[in-house]
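Read through the structure below, which is laid out as structure tokens, and then see the notes.
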Amino acid sequence: MRSLSVVLLCALGGGFVACYALPAWKGDVTVTPLERKAVGQCGAGGVTPDGKQRITREPYLQMTTQTSSVIAWGTTDARGEIVLSEPAPNAETVRVVAGSYVGNASREERRKAAQGAPGKELAAENIYVIAAKVDGLEPNHLYCYQVMVDGVALTEPAPLTTAAPPGSGEPVRFIAVGDTGTGGPAQQAILKRMTESPFDFVVVLGDIAYESGTAAQLQGKFFAIYQQIMRYAPIFPAIGNHERRTSQGRPYFEAFVLPEPERYYSFDWGDVHFVAIDTTQRDSEQLRWLDKDLKKNKQPWVIVFGHHPMYTNSLRGPQLWIRQAFSKILTDNKVDLVLTGHEHQYERFRVAGVNYVVSGGGGGQLTKFFGENRALKQATKHHYLAFEVTAAELKMKVVDINGREIETLKLAKEGVKVKVDGKADTRESPIAPETKTKPDEKLHDEPDDDKDRINVPPQPGTPAPLPTEKTNVTPDLKPAAVEKALEKQKATPQPAPVDER
């Protein structure tokens with residue numbers, strides 16, 4: 001009873017952030033980046049002296065497939081081309097493709113007029129982004145690309161590797177990271193850690209530009225930070241609630257060149273089918289699309305990724321509205337893995353054979369766990385996920401900010417289906433699966449902004465909460481108390497974060 005009283009006093013008096021937010025991480029890490037063979041064959045893609053005067057957003061890869069890729073960049077020239085060639089010693093030119101404007105059409109002329117003289121400082125909202133699609137390429141093939149305008153090189157050559165086809169035997173290597181968008185030391189440290197792992201592309205789980213996903217926040221807290229890896233590794237993002245706060249995500253959708261219908265989309269790489277979902281707007285149209293897309297899939301593995309979690313023990317509680325929209329479709333279509341962020345910790349659940357991972361440790365301020373513990377694993381640490389997938393096995397390493405492994409999950413198509421840290425694991429989270437699909441036509445800034453909150457008790461007959469190494473679990477507050485505390489938090493200035501060292 002004393003514990004509950006303390007929690008109530010904390011929530012109603014001090015605000016949730018003061019009580020549940022951990023100190024902000026400050027510091028640095030020393031890493032040795034993996035030597036990338038492709039960079040050695042092509043170059044690192046650095047900006048030339050001419051490019052420094054004319055490029056306003058460094059080139060970044062988008063929508064890479066087995067036979068095509070898109071290169072986007074910001075330029076004061078409002079034009080330019082991509083020259084694609086074979087690596088040395090051949091170095092034969094393969095394609096020359098002109099770039100075209102990909103931003104909002106109503107802002108194109110205004111942006112052209114704002115460019116001014118080369119080298120002039122430009123507001124992020126006025127960055128003129130163009131993109132060139134190079135196609136007719138060979139699968140799983142290394143090319144070198146360079147940004148040019150009127151025969152002048154704006155960048156040095158950089159590598160572009162197309163996606164591997166299914167059944168090639170080549171493992172798919174990628175990184176997943178969520179809730180990065182602070183621009184702070186933790187985000188920078190996790191980025192450095194990521195460079196220690198091999199990867200062909202990066203999956204981003206939303207909230208990449210706090211506080212509101214403005215053009216300036218996207219440029220300063222995402223593109224400026226990840227510009228070096230984005231030259232050679234395509235980024236596949238899912239939209240977060242913070243990106244939705246500015247014009248329902250207009251700057252986000254202008255910045256990224258994504259497969260249709262953009263708000264949600266799918267792509268294949270090797271033996272994996274990936275599906276990005278929009279958890280901020282889980283309407284019936286998206287749910288019909290999702291079910292149809294999953295039913296058409298022919299790949300051995302299916303990974304779905306989005307922002308808000310369907311299961312969590314974190315501060316904002318069970319995400320009923322999200323799981324009611326998506327989880328039955330995921331169960332019915334035997335999805336292997338669901339990756340989400342939003343909550344700034346690591347958690348793993350397994351419900352009806354589907355593995356759910358919450359990975360919001362990419363840089364945002366960590367928070368303590370809250371509520372009943374039904375996770376198979378949890379940790380309050382900044383981290384990223386490193387994957388290696390073949391047709392037979394999916395391996396996921398959870399690497400923390402200090403370079404230590406939190407755990408390793410292995411899924412297999414044959415034999416022992418699930419291994420955790422090398423040991424067979426048949427456990428399921430004590431949560432009943434959803435039996436219905438319930439669309440939600442509203443646009444949500446938060447998953448739990450409905451007024452009628454529901455705390456989900458354990459299902460009758462389920463086992464006791466599972467033990468974990470670090471839980472930070474606190475008893476649930478009553479819905480009315482939670483609502484009141486959150487309202488007070490929004491109206492109360494929050495204390496500055498402190499150094500956790």
Suppose the filter is under 26 Å from Trp25 (Cβ atoms) and more than 17 Å from the chain's Cα centre (by Cα); does Phe370 pass it? yes
Across the stretch 213-268, the tally of residues that are among the charged types (D, E, K, R), touching a strand residue (DSSP E or B) at 6+ places or on another chain (Cβ under 8 Å) and either part of a helix (DSSP H, G or I) or surrounded by 21 or more Cβ atoms within 10 Å (Cβ to Cβ) (or both) stands at 2
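So, restricting to helices (runs of 4 or more DSSP H) that lie completely within the stretch 1-71, which ones have at least 2 residues that are at pLDDT 95 or above and closer than 23 Å to Val152 by Cα? So that I can check it myself, show each step before the final result.
Working: elements: 2-9, 16-20, 37-42, 49-54.
Of the helices (runs of 4 or more DSSP H) lying wholly inside the stretch 1-71, those with at least 2 residues that are at pLDDT 95 or above and closer than 23 Å to Val152 by Cα span 37-42, 49-54.
Please tell me if Lys120 is under 25 Å from Leu218 (Cα atoms), among the basic types (Lys, Arg) and at pLDDT 95 or above.
Working: under 25 Å from Leu218 (Cα atoms): yes; among the basic types (Lys, Arg): yes; at pLDDT 95 or above: no.
It is false that Lys120 is under 25 Å from Leu218 (Cα atoms), among the basic types (Lys, Arg) and at pLDDT 95 or above.
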Pairs returned, first residue in the stretch 89-118 that is farther than 21 Å from Gly151 by Cβ, second residue that is part of a strand (DSSP E or B), beta-carbon separation under 6 angstrom, 6 or more apart or interchain, are Tyr101/Ile130; Val102/Val129; Val102/Ala131; Gly103/Val129; Glu108/Tyr101
Tell me, please, whether a residue that is in the same structural domain as Trp289 (by TED's automatic domain parsing) and closer than 18 Å to Gln187 by Cα can be found in the stretch 321-341.
yes
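A quick yes/no check of all residues on (1) over 21 Å from Val203 (Cβ atoms); (2) of a type in the set (Lys, Arg); (3) surrounded by fewer than 20 Cβ atoms within 10 Å (Cβ to Cβ); (4) over 26 Å from the mean Cα position of the chain (by Cα):
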site: Val47; (1), (2), (3), (4): yes, no, no, yes
site: Gly51; (1), (2), (3), (4): yes, no, no, yes
site: Pro59; (1), (2), (3), (4): no, no, no, no
site: Thr65; (1), (2), (3), (4): no, no, yes, no
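With the condition being in contact with a helix residue (DSSP H, G or I) (Cβ under 9 Å, 6 or more places away or on another chain), I'd like the strands (runs of 3 or more DSSP E) fully within the stretch 74-183 carrying at least 3 qualifying residues.
On the way: elements: 81-85, 93-98, 129-134, 142-149, 158-161, 172-177.
Filter on the stretch 74-183 gives 142-149, 158-161.
The values are calculated or read from the model by the stated rules, or taken from the named source; none is laboratory data. Just so it is clear, the model here is predicted, and its values are computed rather than measured. Cβ sites come from the backbone with ideal geometry, for glycine too, and all protein chains shown count toward neighbours.
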